1. Can you list which of the chymotrypsin sites (Phe, Trp or Tyr not before Pro) found in the range B:38-97 are DSSP loop residues with at most 13 other C-beta atoms within 10 Å?
2. Mind checking the mean number of beta-carbon atoms from other chains within 10 Å of the Cβ atoms in B:133-143?
3. Counting DSSP beta bridges in the protein assembly as shown, what percent are antiparallel, to the nearest 5?
4. Among B:M182, B:N123, B:G138, pick out the residue whose Cα is farthest towards the positive end of the charge dipole of chain B, where Lys and Arg carry +1 and Asp and Glu carry -1 on C-beta, about the Cα centre.
5. By the gyration tensor of its Cα atoms, with a ≥ b ≥ c the square roots of the eigenvalues, what is the shape of chain B: rounded for a/c under 1.5, prolate for a/b over b/c, or oblate?
6. Assign unit charges at the C-beta atoms only (+1 for Lys and Arg, -1 for Asp and Glu), then state the dipole size of the range A:38-84 relative to its Cα centre in Debye, rounded to the nearest 20.
7. In terms of the Cα gyration tensor, with a ≥ b ≥ c the square roots of its eigenvalues, is the range A:128-213 rounded because a/c is under 1.5, prolate because a/b exceeds b/c, or oblate?
8. Would you work out the charge dipole size for chain A about its Cα centre, treating the Cβ of every Lys and Arg as +1 and the Cβ of every Asp and Glu as -1, and quote it to the nearest 20 debye?
There are 2 protein chains.
Amino acid sequence: MVGNTLATKLVQIGHQIMMGSRTANSSAGQEWLRSVGGKAKIGTFADAAAFGEIVFDCTNGANSLDALRQAGAANLREKILIHVSNPLDFSTGQPTLTVCNTDSLGEQVQREFPDSLVVKALNTVNCALMIQPSLLPGDHNLFICGNDAAAKGEVTGWLCEWFGWKNTNIVDLGDITGSRGMELWMPIWLRLFGKFGHPRFNLRLVLASDSPT
Amino acid sequence: MVGNTLATKLVQIGHQIMMGSRTANSSAGQEWLRSVGGKAKIGTFADAAAFGEIVFDCTNGANSLDALRQAGAANLREKILIHVSNPLDFSTGQPTLTVCNTDSLGEQVQREFPDSLVVKALNTVNCALMIQPSLLPGDHNLFICGNDAAAKGEVTGWLCEWFGWKNTNIVDLGDITGSRGMELWMPIWLRLFGKFGHPRFNLRLVLASDSPT
């Protein structure tokens, strides 16, 4: 759902998009392709990674590393990899994280693909909000992290240009170890989702008015 | 520091307070007692738990269960135990949680002291903010959770009356398993603390204006 939402938005604003799946002609891929009037391509994870100048990883967190291995390190080399996935496991009733605290999925991905520029972003909000932050009133924040400052700067610009985020609302949490906190937001988010009964919420950081930032 | 801040505030507004420590006459306890002009008592954890109608646990999370055992289940029976501690471990350089994801310190405390009414609260903000939320501009949120609805209602009222929180800014995360999310905020909080260089911040939940809450 996240991948479809982001890809559809990117098609709508004129980008050339290839949606990757485990198989080249998955029925889910074909259905998405029809939903955008055929104005995109579908293929395997490897096809999509080879095609893209920029790669979004919106896979289910439990399958994320496996999907990226299928995409192939060579196809991802020196590319910005926008890592949206969360390492959530819903199999036990109460959702848990498959990695947390002393490591994170973002770090695992960066370690396994050291020649890619992994930028963790967008994982803390519902997909409708990802591409339309104005669904919520006023300012609210998006976190970003990654080891490469230039790549983070590019992604920050794209989040603003493509999806409508305000630059001043994007909070840089530093290197890829910032993924720990970003992924730990998920259990809180899911609890709030259960409370509110809908996913149309986010957090806004409130700072003392005399604070230097 | 958290315990001193809360206790000093409670003394200032006229409550009878006993500060518990490992030993009855700890130098830290005596120093705090002097700082409030002697208008309180100090004692062991057990003395304090026996003295209090309400008990605040502001111990270092790593020692929380041990301190509560010293306080004694009998002294805590049928009392509201406001659990402020976070299970943080700073011993390895990068702060980590000693329990998380599938369990939490709040749950551990409630399990070990089933006859106490554990209410997790205040753990997500710096101690200066705990007792003076107006240090930040506008609305910002405090989470609360616990198994006993009446106890949560009482604590919510006290947070408003004693410390100045707005009732509408206190977000009930349900039963004590809500501690998981509340404690998972710590790694994010610490990252933001490092970024901002000061602890005078908090989060505000922003909901879609058409949302039912």
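The values are calculated or read from the model by the stated rules, or taken from the named source; none is laboratory data. None of the values given here were measured: they were computed from a predicted structure. FYI the Cβ positions are ideal-geometry reconstructions off the backbone, even for glycines, and counts take in every protein chain you see. To get the accessible areas, we keep the full protein, side chains included, count just its heavy atoms, and leave off ligands, DNA and RNA. Shrake-Rupley method; radii C 1.70, N 1.55, O 1.52, S 1.80 Å.
1. Filter output for the range B:38-97: B:F90.
2. Averaged over the peptide's residues, the number is 3.
3. Expressed as a percentage, antiparallel bridges in the protein assembly as shown total about 35.
4. So the residue furthest toward the plus end is B:G138.
5. Taking the square roots of the gyration eigenvalues as a ≥ b ≥ c, chain B is rounded.
6. Dipole magnitude for the range A:38-84 comes out near 100 debye.
7. Rounded shape, in that the Cα axes give a/c under 1.5.
8. In total the dipole reaches around 640 debye.
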